[in-house]
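Written below as structure tokens is the structure these notes are about.
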Amino acid sequence: MSPMETRKTWKIGLLLLALTCSFSDGAFNECERAAPYILGGINATKHQLNWIVSIQFPNLYNELHHICGGSIISNRLILTAAHCLFYPQSIDPLEMDQLVVKGGSHDPHNTRAIRVSNIQIHPKYNNLNTGTHLQHDIALLTLAHAIKIGNEKVDYISLPPPGKQLCTGDEDMAFIAGWGYTKANYTKGVDNSSKVLQVARVERIPRSTCQNIYPKLNFTEHMICTSSTNTDICQGDSGGALFEEYLVQNKTTGLTKKKHRILAIISGSSHGCGFAGRASVFTGVAGYVNSMISPALLKCQTQC
């Protein structure tokens, strides 16, 4: 095995290890950021959340392994968390030519894999600083070819209006979804991700409450916190969406249709797995619409 192959094997081992580590004592560490799961969720119905995708990367045996979630915002762009695209505790990004996206179904394991052709990570994201590693935790993936949007199987999620977050300080309900672990007692070294998409309801809480819980974390206006008495995130769903539901009325028929709007991206939690009721941290999307997302959407109309 060449030195380069040895180094890559070591880094993949770290990536898999990160899927089995946990936080402790209320302090963020680099291990758990790799991907939260949904504890206490229920199975999503078929095509209920047809905008969510599974981001996958090959393991040591060259088998595709779920590492993070993402959200379809156009036929070529996926919105996800920046930390999903790095090896743990490293400035080294995952190899782009090894990343694939699967989605448009509550069971992505048997769906078509689409390669990633470009990665855009927020320029101010810092993967190594444990005090600021959840700041600007946002990234865009460009798909190698377009996916068919607008049918029952695949759709995009709506974006929030640009500007400050809609929910900072509000005690409102929202939803999270993903294929992450569904129980705290998981088997280390094994792919414990759920085979069926899970969805759960959470409560948005004031940022000041989160800051009091996690004083070592530097909060910004772009960060959102949630809590719930029956659900938790820990490993398997980073990059997925915190979202809300709204109704759209057809002007011709008068019929209404339920749609989803992304509020934030799942970034992490700073407690051990399975502690329902503790606060979890998200990267709010609204503050990045004008500066990052809209320019990418515009560019992709001609250059993707």
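Every read-out reported here was derived from the displayed coordinates using simple, explicitly stated rules and does not represent laboratory data. Keep in mind that what you see is a predicted model, and the values were worked out from it rather than measured. Cβ atoms come from the backbone with ideal geometry, glycine included; neighbour counts cover every protein chain shown.
Projecting label points 7 angstrom from Cα along Cα→Cβ for ALA113 and VAL289 puts them 3.5 nm apart.
List, in the order given, every pair from LYS257/LYS299; LYS124/LYS257; LYS153/LYS251; LYS124/LYS258 whose Cα-Cα distance in the structure shown is over 32 Å.
Working: LYS257/LYS299 30 Å; LYS124/LYS257 38 Å; LYS153/LYS251 23 Å; LYS124/LYS258 35 Å.
The pairs that break the limit, which is 32 Å between Cα atoms, are LYS124/LYS257; LYS124/LYS258.
Using 1/(1 + (r/R0)^6) with R0 = 25 angstrom and r between the beta carbons of ASN62 and ILE91, what's the FRET efficiency to the nearest 0.05? For ASN62 and ILE91, the calculated efficiency is 0.50. Relative to the present Cα-Cα distance, how much length would full extension add between ILE149 and MET173 at 0.36 nm per residue of separation? Gain in length upon complete extension: 5.9 nm.
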